[in-house]
Amino acid sequence: MKTLAELQAIRDKMHDKVVLPEGSDKMRVVVGLATCGIAAGARPVMDAIKEEVEKAGLSDRISVVQTGCIGICQFEPVVEVHEAGKEKVTYVKMDVDKAKEIVEKHLKGGSVCEEYVIKNI
């Protein structure tokens, strides 16, 4: 097992990769790819988001990453959008077409697609 000092060093090293700096125009898109997400179709959703971000030339500004269980399995596939200084937006029951719409409207256009956000389900 690691010592507390070693764990703190790992935490400090990863902080800048996880936390978006205030005032930054960078965004992080997180796709849940635990077993439940994969079974619900999250992999094609993530692939579509990555492809659309690359086609739009936004790869330097928007990172698309995977995570394990987000904890709301009944709403899979789940996609979270993190922007500096804003609350995260959690999109649920995603599919490839909805993912492309989110890239176009939210990631490129700045408008949250409210109809896919968990608070409206």
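Conditions tested, residue by residue: (1) modelled with pLDDT of 95 or more; (2) of a type in the set (A, V, I, L, M, F, W, C).
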{"residue": "46", "(1), (2)": "yes, yes"}
{"residue": "49", "(1), (2)": "yes, yes"}
{"residue": "52", "(1), (2)": "yes, no"}
{"residue": "60", "(1), (2)": "no, no"}
{"residue": "63", "(1), (2)": "no, no"}
{"residue": "68", "(1), (2)": "no, no"}
{"residue": "71", "(1), (2)": "no, no"}
{"residue": "81", "(1), (2)": "yes, yes"}
{"residue": "91", "(1), (2)": "yes, no"}
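Across segment 83-103, the qualifying residues are those that are surrounded by 14 or more Cβ atoms within 10 Å (Cβ to Cβ) and farther than 21 Å from residue 40 by Cβ, and the one among them that is nearest to the chain's Cα centre (by Cα) is 83. Listed by first and then second residue, the pairs with beta-carbon distance under 9 Å, at least 6 apart or on different chains, first residue in segment 27-45 and in contact (Cβ under 8 Å) with a residue 60 or more places away in the chain, second among the basic types (Lys, Arg) and not in a helix (DSSP H, G or I), are 27/61. Among the residues of segment 63-84, count how many are among the aliphatic types (A, V, I, L, M) and in contact with a Ser or Thr (Cβ under 7 Å, 6 or more places away or on another chain). Summing the residues that are among the aliphatic types (A, V, I, L, M) and in contact with a Ser or Thr (Cβ under 7 Å, 6 or more places away or on another chain) in segment 63-84 gives 2.
Among the residues here, residue 22 does not qualify as of a type in the set (Asp, Glu), modelled with pLDDT of 90 or more and loosely packed, with under 12 Cβ neighbours inside 10 Å.
So, residue 28, is that one surrounded by fewer than 21 Cβ atoms within 10 Å (Cβ to Cβ), within 14 Å of the chain's Cα centre (by Cα), at pLDDT 95 or above and not hydrophobic (A, V, I, L, M, F, W, C) or not? Judged against the criteria, residue 28 is not a match.
Look at segment 96-121: where a residue is acidic (Asp, Glu) and a partner is surrounded by 14 or more Cβ atoms within 10 Å (Cβ to Cβ), sitting 6+ places away or on another chain with Cβ atoms under 7 Å, you get 101/113.
The values are calculated or read from the model by the stated rules, or taken from the named source; none is laboratory data. Being a predicted model, the structure only gives us computed values, none of them experimental. Positions of Cβ are backbone-derived with ideal geometry, glycine not excepted, and every protein chain shown enters the neighbour counts.
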